[in-house]
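The values are calculated or read from the model by the stated rules, or taken from the named source; none is laboratory data. This is a predicted model, so every value here is computed, not measured. Positions of Cβ are generated from backbone atoms using ideal geometry, with glycine treated the same way; all protein chains shown enter the neighbour counts.
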Amino acid sequence: MFCFKIILFKLVVSYVWIKTYNFQLRYLVFSSQVTKQKDPDANQQSMLFQIDYPEIADASGVIPRHRFMSAYEQHVEPPDKRWQYLLFAAEPYETIAFKIPSREVDKDPKKLWTYWNSSSKQFFLQVSLKLLNKVGSVIKVSLTVGIHSQNTLF
């Protein structure tokens, strides 16, 4: 209404473009759980992510996906080479990201695996990080949704 008053006072003839947007209802994640693990034989650190997606329809065929993202690809926080992001996406939920140490991921199928339980609607992902030269490093994981951040130190 304020825009129309300005147009009337200036006596400007203009066209008003109306853009319509299709808004879809999107959900935040119902619950998520991160479990820190350590292989006693190899002394290798890993994390098990469990994410609940209760609103995914069974007939839709949607399976949650994950992706690793460099700190330089994201635009939520200032880039820091010490961290990388692990993203989870599934419609109709918002994409969530976990901030994990920027170490090489062990891509062995026994150490990097996913599982989607369609009956309980839970998605599991286990990520193992390759060993560092020093012993006893701390794994720090933080959850990032949009611009909000919640830090969790293990």
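Anything in the stretch 56-78 that is in contact with a Pro (Cβ under 8 Å, 6 or more places away or on another chain) and farther than 23 Å from residue 113 by Cα? List them, or say none.
Of everything in the stretch 56-78, just one residue is in contact with a Pro (Cβ under 8 Å, 6 or more places away or on another chain) and farther than 23 Å from residue 113 by Cα, namely 72.
Is there a residue being of a type in the set (Val, Ile, Thr), in a loop (DSSP other than H, G, I, E, B) and more than 30 Å from residue 26 (Cα to Cα) anywhere in the stretch 120-135?
yes
Kindly indicate the residue of the stretch 24-37 that is among the β-branched types (Val, Ile, Thr) and at pLDDT 85 or above and also surrounded by the most Cβ atoms within 10 Å (Cβ to Cβ) among those meeting that condition.
In this case the residue turns out to be 34.
From the set of residues in the stretch 38-68 that are among the polar types (S, T, N, Q) and either modelled with pLDDT under 90 or exposed (fewer than 15 other Cβ atoms within 10 Å of the Cβ) (or both), which is farthest from residue 108 (Cα to Cα)? Before you say what the answer is, go through the steps one by one.
The initial filter retains those residues of the stretch 38-68 that are among the polar types (S, T, N, Q), namely 43-46, 50, 60.
Filter again for either modelled with pLDDT under 90 or exposed (fewer than 15 other Cβ atoms within 10 Å of the Cβ) (or both), leaving 43, 60.
On the way: 43: 16, 60: 31 Å.
Among them, the one singled out is 60.
One line per residue, one yes/no per condition, for (1) modelled with pLDDT under 95; (2) on the phi > 0 side of the Ramachandran plot; (3) part of a loop (DSSP other than H, G, I, E, B); (4) surrounded by 13 or more Cβ atoms within 10 Å (Cβ to Cβ):
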| site | (1), (2), (3), (4) |
| --- | --- |
| 72 | yes, no, yes, no |
| 76 | yes, no, yes, yes |
| 81 | yes, no, yes, no |
| 100 | yes, no, no, yes |
| 108 | yes, no, yes, no |
| 115 | no, no, no, no |
